Amino acid sequence: MTTTTPAALHVPELADEPGFVHGFSTLVLGSVGLKHAPDPAPVLAARRNFAGVLGLDGGELTTVGSVHGASVARVDAAVDSVDDVDALVTDQPGVVLFATYADCYPIVLWDPEKRVAGLVHAGWRGTLAGVATAAVTFMQIEYGCRNVKAGIGPGICGRCYEVGEEVASQFDARFVTRSGDRFLLDLAAAN
């Protein structure tokens, strides 16, 4: 039996939410990260292809700056990038929120009643700072959200994410596994 990798992954519990489009690109589309790209053309093409896979052809991507903190920004109109934050929130249907991730976790947020969407970039620093909670609180304050659904996308697994003792000691012990002198952090569980 042959298995094919899809171009995008989705949080199954949020996949059929009316008005909420989300997805996580796979390597099938190529790299979508511009920061270290020697040539931006293929990356921009991969981003356009990703938007097309999600049915968002022609949508301008509003990219989160990803600074590994807990700052959140409201986005009322599409812009190229919102720097110095790790979470974006919008109630505008035409605004497409976008972020890139390596080991960090993407967290999508959706309030179906208020029709507010959020996108969170949660690395270990942002997780420790409470970026996901900050985004939900922001949605509550800015938009009056009371029914926020959340989903965590793909990221580094807790059996693979080795951190130093200085990082491990900052997290609740239930999220850290010690194996000899190695510390493994379950970042998904911590979020």
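The values are calculated or read from the model by the stated rules, or taken from the named source; none is laboratory data. Keep in mind it's a predicted model, so treat the numbers as computed, not measured. So basically every Cβ, Gly included, is an ideal-geometry build from the backbone, and we count neighbours across all protein chains shown. Accessible surface areas use protein heavy atoms only, side chains included; no ligands, DNA or RNA. Shrake-Rupley method; radii C 1.70, N 1.55, O 1.52, S 1.80 Å.
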The lone exception for TRP110 - which of (1) open to solvent by less than 30 Å² (accessible area, probe 1.4 Å); (2) touching a Phe, Trp or Tyr at 6+ places or on another chain (Cβ under 7 Å); (3) part of a helix (DSSP H, G or I); (4) of a type in the set (A, V, I, L, M, F, W, C) it fails: (3)
In segment 23-48, which residues are among the small types (Gly, Ala, Ser), open to solvent by 40 Å² or more (accessible area, probe 1.4 Å) and in a loop (DSSP other than H, G, I, E, B)? SER31
If you go through ALA51, ALA102, ALA70, ALA15, the only one that is within 16 Å of the chain's Cα centre (by Cα) and open to solvent by less than 30 Å² (accessible area, probe 1.4 Å) is ALA51
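Scan segment 73-88 residue by residue and report those that are in contact with an Asp or Glu (Cβ under 7 Å, 6 or more places away or on another chain) and either among the small types (Gly, Ala, Ser) or open to solvent by less than 30 Å² (accessible area, probe 1.4 Å) (or both).
ALA78
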Within segment 142-167, can you find the residues that are at pLDDT 95 or above and either farther than 28 Å from GLY118 by Cβ or charged (D, E, K, R) (or both)? GLU142, ARG146, LYS149, GLU162, GLY164, GLU165, GLU166
Only one of these conditions is not met by ASP57: (1) in contact with a helix residue (DSSP H, G or I) (Cβ under 7 Å, 6 or more places away or on another chain); (2) crowded, with 17+ Cβ neighbours inside 10 Å; (3) modelled with pLDDT under 95. Which number is it? (2)
Every residue in segment 60-98 that is closer than 13 Å to GLY118 by Cα, in a loop (DSSP other than H, G, I, E, B) and at pLDDT 95 or above, please. SER71, VAL75, ASP76, VAL85, ASP86, ASP91, GLN92, VAL95
Looking only at segment 113-125, decide whether some residue is farther than 18 Å from ALA150 by Cβ and modelled with pLDDT of 95 or more. yes
Filtered residues of segment 134-162 (kept if part of a loop (DSSP other than H, G, I, E, B), among the small types (Gly, Ala, Ser) and under 23 Å from ALA102 (Cα atoms)): GLY153, GLY155, GLY158
